[in-house]
Amino acid sequence: EELVAQMMDDLYDGLKDEIEEGVNLLLERGWTPYDVLTKALVAGMTIVGHDFRDGILFVPEVLLAANAMKAGMSILKPLLAETGAPRMGKMVIGTVKGDIHDIGKNLVGMMMEGAGFEVVDLGINNPVEKYLDTAVAEGADIIGMSALLTTTMPYMKVVIDTLKERGMREEYIILVGGAPLNEEFGRAIGADAYCRDAAVAVETAKALVA
Ligand code: B1M
C-alpha cells in the first residue's frame, strides 16, 4: 500500500505529525491496531535499524525516528488494551542496566496489557534491585527483561543469578527479549523463555501462567 510506503519514509525522516496522521488514516481504512503496529511502524523501524548499522543514519536521526514511532504507538496503545480480556497475571518489565532502548519493551508491555496482563513498567537502565524489589512489592508473576545491546544482554544473567542466590528464582516466570538475543542465550542464562517478538511474549506468558 502506498500510504505504508509513505509512512516508512516519514518514520525514516522522523516526522512525528505525519506518522500520527498515517496511523489514524490506516485505522480509518479498517486496519487492525496490530497490523498498523507491525506492518507500518515496526517494519519502518527495521529499515532505520539497517541504515543506522551501516552508518547512513546517526543517533540524532534515529532518536527522531524513535520519537515519531512512539507517537504512533501512543495512538495504538488504548486500542490494543481495549480487548476486555480476563485478568491473566502481573508482569514487571524493564530494560536492563546500561541500556536505554525502550521501544520494543514498550511494545511488549502494550501487547501484554491488551492480552489482559497487568504490567508494571520499570523503564530503562534497571539495576537488579529494581527488578527484584518491584517484583516483590507488586506480587508479580512474571519478570520481563529487554536488552538491545550485546554489551548489556549479559546483565540479564546477573538478575537471574541474584534471584537464585536469594532462593526466589522459582517464584517468577522470567521472559527475556531483544534483537541481539536468541533461544540459546535464553536457555544459557536460565530464563524460562526467550521471546522473539511481542506476540510471542504474550503467547509464552499465557502458556506459562496457566
Ligand atoms: Co541503538 N542500537 N544504540 N538506538 N538502535 C541498535 C540496537 C543497533 C543494533 C543498531 C545497529 O548498529 N544496527 C546497535 C547495537 C549493536 C550491538 O549491540 N551489537 C545499537 C547501538 C550500537 C546503539 C548505541 C551504542 C549507539 C551510540 O551511541 N553509538 C546507543 C546505545 C545507548 C544505550 O542504550 N546505552 C544507541 C542509541 C539508540 C537511540 C537512543 C538513538 C535509539 C533508541 C531510542 C529508544 O528506544 N527510545 C536507538 C534505536 C532506535 C536503535 C534501533 C535502530 C531500533 C531499535 C528498536 O526500537 N527497534 C536498533 C537497530 C535494531 O534493532 N535492528 C539499534 C524496534 C523494536 C520494536 O524492536 O527493540 O527489537 P526491538 O523489540 C522487539 C523484539 O526484540 C522483542 O519484541 C519487540 C517487539 O516485537 N523484545 C522483547 C524486545 N524486548 C523484549 C522484552 C521481552 C520480550 C520481547 O520481555 C519479555
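The values are calculated or read from the model by the stated rules, or taken from the named source; none is laboratory data. All figures in this text were calculated on a predicted structure; none of them were measured in a lab. In this analysis, Cβ positions are derived from the backbone assuming ideal geometry, glycine residues included, and neighbour counts consider all displayed protein chains. Heads up: the accessible areas ignore ligands, DNA and RNA and are worked out on the full protein's heavy atoms, side chains in. Shrake-Rupley method; radii C 1.70, N 1.55, O 1.52, S 1.80 Å.
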*Of ALA205, ALA68, ALA188, which is farthest on the positive side of the dipole of the chain, counting Cα position, with +1 on Lys and Arg Cβ, -1 on Asp and Glu Cβ, and the Cα centre as origin?*
ALA188
*Cα atoms only, region 51-210: Rg and Dmax in Å?*
15.5, 47
*Would you be so kind as to identify which of THR95, LEU3, THR162 lies farthest towards the positive end of the dipole of the chain, taking Lys and Arg as +1 and Asp and Glu as -1 on Cβ and the Cα centre as origin?*
THR162
*Angle between the Cα long axis of helix 43-53 and the longest principal axis of the chain, 0 to 90 degrees, nearest 10?*
80 degrees
*Rounded to the nearest Å, what's the spacing between the alpha carbon centres of region 1-53 and region 141-189? Just the number, please.*
31 Å
*Which order do LYS157, LYS105, LYS164 take by accessible area at a 1.4 Å probe, largest first?*
LYS164, LYS157, LYS105
*R0 = 22 Å: FRET efficiency of LEU63 with ASP197, Cβ-based, nearest 0.05?*
0.45
*Residue-level accessible surface for TYR131, protein heavy atoms, 1.4 Å, Å²*: 0 Å²
*Where is the GNM fluctuation largest for the chain (alpha-carbon springs, 10 angstrom cutoff): LEU37, LEU175, LEU64?*
LEU64
_Descending semi-axes in whole angstrom, ellipsoid equivalent of region 150-210, from the Cα gyration tensor_ = 18, 17, 7
*Cα-centre dipole for the chain with unit charges at Cβ (Lys and Arg positive, Asp and Glu negative), debye to 20*: 760 debye
_Using a Cα-Cα cut-off of under 13 Å, which aspartates and glutamates could be cross-linked to LYS105, ignoring same-chain neighbours fewer than 8 residues away?_
GLU113, ASP121, ASP197
*Can you give the angle from 0 to 90° between the axis of helix 128-138 and the longest principal axis of the chain, with both taken from C-alpha atoms, to the nearest 10?*
80 degrees
_Not counting ligands, DNA or RNA, and with a 1.4 Å probe, what is GLU118's accessible surface area in Å² rounded to the nearest 10?_
80 Å²
*Taking only Cα atoms, what is the 0 to 90° angle, nearest 10, from helix 16-28's long axis to the longest principal axis of the chain?*
90 degrees
*asked:* Run the numbers for GLU170 and THR32: contour at 0.36 nm per residue of separation, minus the present Cα-Cα distance, in nm.
replied: 45.9 nm
*asked:* Please compare each pair in LYS130/LYS157; LYS157/LYS206; LYS90/LYS130 to a cut-off of 19 Å on the Cα-Cα distance and tell me which ones are over it.
replied: LYS157/LYS206
_Area of ILE93 that stays accessible when all protein chains are in place (1.4 Å probe, Å², to 10)_ = 10 Å²
*Sequence neighbours fewer than 8 away in the same chain don't count; with that in mind, list the aspartates and glutamates whose C-alpha is under 13 Å from LYS97.*
GLU129
